[in-house]
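Visitor: Structure below; questions to follow.
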2 protein chains.
Amino acid sequence: MRISALAAEAGLPVATVKYYLREGLLQPGTATSATQASYDESHVRRLRLVRALTGPVGLSVQQARAVLQLVDEPGDDLYSTLGRAVGTLPPDGARPADDAADPYPRARAALEALGQVYDPEFAAVAQLEGALAAADDAGMSITPERLAAYGRAAADLAAYDLERMPTEPRAAVEYTVLGTALYEPVLLALRRLAHQDAAVRRLGRDA
Amino acid sequence: MRISALAAEAGLPVATVKYYLREGLLQPGTATSATQASYDESHVRRLRLVRALTGPVGLSVQQARAVLQLVDEPGDDLYSTLGRAVGTLPPDGARPADDAADPYPRARAALEALGQVYDPEFAAVAQLEGALAAADDAGMSITPERLAAYGRAAADLAAYDLERMPTEPRAAVEYTVLGTALYEPVLLALRRLAHQDAAVRRLGRDA
DNA sequence: ATGATTGGATAGTTGTACTCTCCAATATTA
DNA sequence: TAATATTGGAGAGTACAACTATCCAATCAT
């Protein structure tokens with residue numbers, strides 16, 4: 001399959017496929033001559049994945065490249081691979097304030113209240129700090145009670161996901177990294193729809 | 001308070017404050033002369049809100065303006081105001097396919113399985129469709145079982161939030177719109193951290 | 001053999017979010 | 001009150017991201 005067939009298959013302009021090649025989001029095809037290369041199903045799948053990540057998941061090309069690199073060449077340590085993957089996903093966290101003492105006070109308090117084990121280096125801690133600070137700044141601080149409720153729901157989800165994680169390391173990395181990126185938008189959409197459902201049932205409005 | 005004091009208070013360059021004024025994200029101050037206007041606490045609060053929305057929440061200036069307009073002038077109908085607000089929040093949904101018959105097949109199936117009331121016009125339906133399609137395209141389709149588990153967690157959260165919604169309409173709009181925008185990043189961070197917690201407990205790794 | 005296509009490089013376009021420069025009118029300070 | 005600084009407002013300029021278009025010599029397809 002040559003580049004125009006690949007582009008057609010994926011529903012993208014050829015120029016865009018070339019761009020993804022340049023940017024390292026798409027692995028090069030096998031060169032058959034100085035001006036020809038051939039692509040296969042794996043390239044089609046990769047393009048679909050790229051579009052999923054840059055589209056609904058909302059990643060920038062840089063972020064998508066970082067995620068794909070982790071899936072392509074995971075370290076042997078699942079834990080640190082996941083940590084790095086989460087760091088590449090939006091939203092960006094709060095910068096850790098130059099004085100190293102207690103850089104994430106809100107997040108620390110929240111996680112202690114939840115009784116959760118956590119690694120302060122883990123990017124999600126900074127993300128939580130940023131999100132809590134944003135809510136504070138906007139005058140919509142999150143009560144400890146609400147945090148507990150959200151934490152409980154998050155723990156339920158995590159337990160479900162962890163039970164289904166593949167045992168083979170490579171597959172586990174892919175499951176975890178892509179699962180984080182791809183399932184989050186689903187969860188958010190479901191939450192918004194659940195709000196609507198609850199509102200309709202409660203307020204007795206017929207849509 | 002003049003513009004430089006306002007900017008200092010909010011920790012922003014004056015040029016940026018002027019930009020937000022031009023873009024209608026910040027309400028104008030009260031003019032005291034041809035080249036002077038005065039600003040107060042409400043402007044400081046608004047700037048903090050704008051930064052929260054464009055930062056951790058990840059809204060574009062356009063999206064933030066749309067959200068703020070809804071908070072400033074909610075319609076008398078809470079239901080449709082919330083619907084419009086959700087439509088302005090990322091991620092963008094799937095385009096509804098020109099042939100009107102069953103534009104959101106995956107989302108419809110999912111919501112029917114969950115037994116949820118929903119309005120097909122509600123933007124979150126298109127968002128769910130897009131997210132499910134992205135997962136499919138990326139080769140990580142979501143099983144009905146997982147969807148049920150996520151849906152249950154979302155319903156728990158929605159029930160909690162709805163119970164605490166203010167009764168006064170204006171406050172209810174603000175609570176719902178800002179709550180959706182500001183609490184989602186918190187939930188995502190908590191989910192990522194819950195994954196880490198569960199992984200550490202399960203795999204017995206010490207951070 | 002001859003017109004179309006390819007891979008690869010380079011340049012151009014569009015959109016977003018600022019940031020800078022001016023300017024005349026006003027404040028502030030000496 | 002004179003000199004200096006600041007202001008609001010408008011417009012232009014900048015930087016970056018994500019494409020998109022143009023070239024070109026080397027193949028390919030007919």
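Visitor: Note down the magnitude of the dipole of the protein assembly as shown about its Cα centre, charges +1 on Lys and Arg C-beta and -1 on Asp and Glu C-beta and zero elsewhere, to the nearest 20 debye.
Guide: 560
Visitor: How many Cβ atoms of partner chains, on average, are near each residue of B:141-153 if near means within 10 Å of its Cβ?
Guide: 5
Visitor: Then there is this: Along the charge dipole of chain B, Cβ charges K/R +1 and D/E -1, which of B:Ala126, B:Pro105, B:Pro90 sits furthest on the positive end?
Guide: About the Cα centre, the residue reaching furthest to the positive side is B:Pro90.
Visitor: Next question, about the same structure. Taking segment A:16-101, how much of its Cα-Cα pair set, in percent, is spaced more than 16 angstrom apart?
Guide: Tail of P(r) above 16 Å: 62 percent of Cα pairs.
Visitor: Here's another thing I want to ask about it. Looking at the P(r) of segment A:84-130, how many percent of alpha-carbon pairs lie beyond 15 Å?
Guide: Percentage above 15 Å: 40.
Visitor: Once you sort the root eigenvalues of the Cα gyration tensor of segment B:1-55 as a ≥ b ≥ c, which label holds: rounded (a/c under 1.5), prolate (a/b larger than b/c) or oblate (the other case)?
Guide: Prolate, because a/c is 1.5 or more and a/b exceeds b/c.
Visitor: What three numbers, in Å, describe the spread of the alpha carbons of chain B along their principal axes, ordered from the longest?
Guide: Cα extents, longest axis first: 64, 53, 35 Å.
Visitor: Here's a follow-up. Is the shape of segment B:33-83 best called rounded, prolate or oblate, per the rule: a/c under 1.5 gives rounded, else a/b larger than b/c gives prolate, else oblate, with a ≥ b ≥ c the square roots of the Cα gyration tensor eigenvalues?
Guide: Here segment B:33-83 falls in the oblate category.
Visitor: Among the helices of chain B (complete DSSP H runs), which have Cα atoms covering no less than 27 Å along the helix axis and a Kyte-Doolittle mean of at least 0.0?
Guide: B:169-203
Visitor: Sort the protein assembly as shown into rounded, prolate or oblate with this rule: let a ≥ b ≥ c be the square roots of the eigenvalues of the Cα gyration tensor; rounded if a/c is under 1.5, and if a/c is not under 1.5, prolate when a/b is larger than b/c, oblate otherwise.
Guide: Verdict is rounded for the protein assembly as shown.
Visitor: State to the nearest 20 debye the size of the charge dipole of segment B:55-203 about its Cα centre, where the only charges are +1 on K and R beta carbons and -1 on D and E beta carbons.
Guide: For this selection, approximately 760 debye.
Visitor: What length, rounded to one decimal in nm, is gained on full extension from A:Arg45 through to A:Arg202, with 0.36 nm per residue of separation minus their alpha-carbon distance?
Guide: Answer, rounded to one decimal: 52.1 nm.
Visitor: Could you compute Rg(Cα) / (2.2 N^0.38 Å) for segment B:92-207, with N its residue count?
Guide: It is 1.28.
Visitor: Could you order the peptides A:183-193, A:82-92, A:67-77, A:27-37 from most to least packed, using the average number of other C-beta atoms within 10 Å per residue?
Guide: Ranked by mean Cβ neighbours within 10 Å, highest first: A:183-193, A:82-92, A:67-77, A:27-37.
Visitor: Answer with one residue from B:Val200, B:Ala181, B:Leu162: the one whose Cα lies farthest towards the positive end of the charge dipole of segment B:143-207, charges on Cβ with Lys, Arg +1 and Asp, Glu -1.
Guide: Result: B:Val200, furthest along the dipole toward the positive end.
Visitor: For the rotation bringing B onto A, which B residue has its Cβ nearest the axis, and at how many Å?
Guide: Residue and rounded Å distance to the axis: B:Ala153, 2.
No lab work stands behind these numbers, since they all come straight from the coordinates. Owing to the predicted nature of the structure, the values given are computational and were not obtained by experimental measurement. Heads up, the Cβs are rebuilt from the backbone with ideal geometry, glycines too, and the neighbour counts pull from every protein chain shown.
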